[in-house]
Amino acid sequence: MDKKYLLKTGLAKMLKGGVIMDVTNAAEAKIAQAAGAVAVMALEKVPADIRKEGKVARMADPKKIKEIKKAVSIPVMAKCRIGHFVEAQILEALEVDFIDESEVLTVADEEYHIDKWKFSVPFVCGAKNLAQALRRIEEGAAMIRTKGEAGTGNIVQAIKHIRTIQKEILALENMTEKELENLAQEYRIKDIELLKETQRLKRLPVVNFAAGGIATVADAALCMQLGMDGVFVGSGIFKSSNPLKRARAIVQAVTHYNDKKILAKISEGLGKEMDGIEIKKIPPEQRLSERGN
Amino acid sequence: MVGVLALQGNFAEHLEALKSAAKKLEKIKLEIKLVRTKQELKELDALVIPGGESTTIYRLIKENELEQEIKKIKNFLVTCAGLIVLAKKVEGLERWQKTLKLLDIEVKRNAYGTQLDSFYAKIEGEVLNNKEVAFIRAPKIIKIGPEVKVLARIKNTSEIAIVEQKTKNGIIIGATCHPELDSDELAFYFLKKISYL
């Protein structure tokens, strides 16, 4: 296989069993790192604030990204808009370790995602079903983020999409070559090998984290018990009353996700979690997880 | 019994490489499992510490109070972040981060730069001779103690890729790279060594 791609998926593998935390300045980045984050996502605003403001959300100011890179020694990720390959070029020039082509920012291109093979920096992309995940991998994504509804503190959409992808992978089990070819067409993917590999592995062929709406120790462990390789936590940490304590607990939760006694212990006394939003109260056109296809 | 420390990182790839290597050592019966708690560390003859983030792994060792139990184990195979966790001296540690100081080497963290500076390179030596291995946000070994032997270097350079140190009653094998991503050769070398100790 292409060595350049193996280095990208290789870094994704090193992140497994870890928590990637959204941060908006050097001080938050240091807290995230001290809490045990495996990487930080450098942002202008956390999703909860982007949602509240309802304005066009773009790539962060390079100054901000540099400030955060300087503050920590763990990998630094940054988001660009879907399809905005120039924002991605700028992020690559800033030498971030990973780019998130993210629906949390406003979509730049309604037709095409970024051709990620053209970059040396690895990409992570969101997906709410198997077709989206495989299309993103075919475009060169080295890691998949199951889409939840970012900035809500509500796990329901993340769980829905984790289950959707699982069901669709299970359905591949007894498919014949011909059926897979038809499915590839339906999924709009060119390479049937990608479907065959998924069928054989019984999981996505790249590292798969959960994201969107994770606010508690139990939320993080739930995603892990459902087979995720790790979690992204956005607003859930720095919108809670005690970010350092909560961040530390979520890091533990992703390691000890199968140990209910440890989960009970680390869930205790973490202060108030972020305010949550009922998904039904968000009109479909304002749902971030519906962006990008 | 061989444990793979599954606090964070690519422990699944290590487990796979070890299982594949163990199959080739037919005569020796080995149990290999993932470990996360003090109790699970107690029964081990050997521990593998995977790649990942050394800051995260250190934090989890500390909060789960694993340090004393880890120090009682005789044999270790460590790669990348795992190498940093065991190193005696590390340049570029976070202020609050400590290491277990079992392996007598001096290491520089993130010595090559960011992910853009990650690379595949051929290494040469006693193990994985002439094989290409991945160096991902890799550390660099800048000094080794008198008891430490170099097992492999990056081809045509003086840069150390894999080392071995004999300890009172075991061995430590440490790599700055990730052989486990592409082969079971280092796992095989390690299991063979500890089986005949």
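Just a few scattered comments:
- Region A:198-225, residues that are open to solvent by 10 Å² or more (accessible area, probe 1.4 Å), out of contact with any strand residue (DSSP E or B) (no Cβ under 9 Å at 6 or more places or on another chain), under 24 Å from A:Gly10 (Cα atoms) and not charged (D, E, K, R): A:Gln199, A:Leu201, A:Pro205, A:Gln225
- The residues of region A:2-16 that are open to solvent by 10 Å² or more (accessible area, probe 1.4 Å), at pLDDT 95 or above and not in a helix (DSSP H, G or I) amount to a single one, A:Lys16.
- Residue match in region A:228-239 (condition: of a type in the set (Ser, Thr, Tyr), farther than 19 Å from A:Gly17 by Cα and surrounded by fewer than 18 Cβ atoms within 10 Å (Cβ to Cβ)): no
- Of all residues in region A:176-190 being touching a helix residue (DSSP H, G or I) at 6+ places or on another chain (Cβ under 7 Å) and assigned to a loop (DSSP other than H, G, I, E, B), the one that is farthest from A:Thr9 (Cα to Cα): A:Arg188
- Within region B:92-108, the set of residues being in contact (Cβ under 8 Å) with a residue 24 or more places away in the chain and away from chain A (no Cβ under 11 Å) comprises B:Lys98, B:Thr99, B:Leu100, B:Leu102, B:Leu103, B:Asp104, B:Ile105, B:Glu106, B:Val107, B:Lys108.
- Of residues in region B:12-47 being of a type in the set (A, V, I, L, M, F, W, C) and in contact (Cβ under 8 Å) with a residue 60 or more places away in the chain, the one farthest from the other protein chains (Cβ to nearest Cβ): B:Ile28
- Residue match in region B:172-181 (condition: among the acidic types (Asp, Glu) and open to solvent by 40 Å² or more (accessible area, probe 1.4 Å)): no
- Of the helices (runs of 4 or more DSSP H) lying entirely inside region A:191-239, those containing at least 1 residues that are in contact with a Lys or Arg (Cβ under 7 Å, 6 or more places away or on another chain) span A:235-238.
- All positions within region A:43-65 that are at pLDDT 95 or above and not charged (D, E, K, R): A:Met59, A:Ala60, A:Pro62, A:Ile65
- Verdict on A:Glu268 being free of Cβ contacts under 8 Å to residues at least 60 places away in the same chain and either charged (D, E, K, R) or buried (at least 23 other Cβ atoms within 10 Å of the Cβ) (or both): yes
- Residue check, A:Val19 β-branched (Val, Ile, Thr) and in contact with a Lys or Arg (Cβ under 9 Å, 6 or more places away or on another chain): no
- Only one entry in B:Ala138, B:Ala111, B:Ala152 is crowded, with 18+ Cβ neighbours inside 10 Å and more than 14 Å from chain A (Cβ to nearest Cβ), namely B:Ala152.
- Residues that are closer than 22 Å to A:Gln132 by Cα, more than 14 Å from chain B (Cβ to nearest Cβ) and surrounded by fewer than 22 Cβ atoms within 10 Å (Cβ to Cβ) do not occur anywhere in region A:253-264.
The values are calculated or read from the model by the stated rules, or taken from the named source; none is laboratory data. Bear in mind that the values here come from a model prediction, so they are computed numbers and not experimental data. For neighbour counting, all protein chains shown are included, and Cβ atoms are generated from backbone atoms with ideal geometry for every residue, glycine included. With ligands, DNA and RNA removed, areas are computed over all heavy atoms of the protein, side chains included. Shrake-Rupley method; radii C 1.70, N 1.55, O 1.52, S 1.80 Å.
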